[in-house]
Amino acid sequence: KRTPETSDVFQILMQTVCWFQNVILVVDGIDEVDSTDRITILRCLKTLISCPGMSIKVFITSREDQDVLTALSPLPEACFRVNVLESATSNNIENYVHDSVDSMLPLVLGNANLKDEVIRVLMAGAQGM
């Protein structure tokens, strides 16, 4: 058993997408990947997008990250970027965290301090995502 090289994975992906007329790839949390691997992944995705005769759409989610922006530029004219501010999602995230802690951690229900600490740590770690 071995971990495949990036070039091997890219070749498999290229061969696989050729079987389909339309392909949509979703890459979530690219900013959480090691920076060297992130650049390699983004370079491969740019190559896929620019393949003539192939209809490939890529949806990438990421926190604001200069490495990601640099790797994706210059963007093809069919690409666009949507910024979502942390302030726009913080209420939803906070509600989700509160509900999740209440339903998934019954042992904190009787300990308000522990519950508040769990929620505080989860909210800090979410960083708007």
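General remarks:
- All conditions in (1) within 21 Å of G29 (Cα to Cα); (2) at pLDDT below 75 hold for E94, with the sole exception of (2).
- Among the residues listed as K57, K115, K46, the single one being at pLDDT 75 or above and open to solvent by 90 Å² or more (accessible area, probe 1.4 Å): K57
- Looking across I24, I30, one residue alone is in contact (Cβ under 8 Å) with a residue 24 or more places away in the chain, surrounded by 11 or more Cβ atoms within 10 Å (Cβ to Cβ) and β-branched (V, I, T). It is I30.
- Residue check, V17 open to solvent by less than 70 Å² (accessible area, probe 1.4 Å) and more than 13 Å from the chain's Cα centre (by Cα): yes
- Residue check: V121 meets all listed conditions (1) surrounded by fewer than 13 Cβ atoms within 10 Å (Cβ to Cβ); (2) within 15 Å of the chain's Cα centre (by Cα); (3) at pLDDT 80 or above but one, namely (2).
The values are calculated or read from the model by the stated rules, or taken from the named source; none is laboratory data. Everything numeric here is computed off the predicted structure, so don't read it as measured data. Backbone-built Cβ (ideal geometry, glycine too); neighbour counts: all protein chains shown. SASA here: full protein model, heavy atoms, side chains in, ligands and nucleic acids out. Shrake-Rupley method; radii C 1.70, N 1.55, O 1.52, S 1.80 Å.
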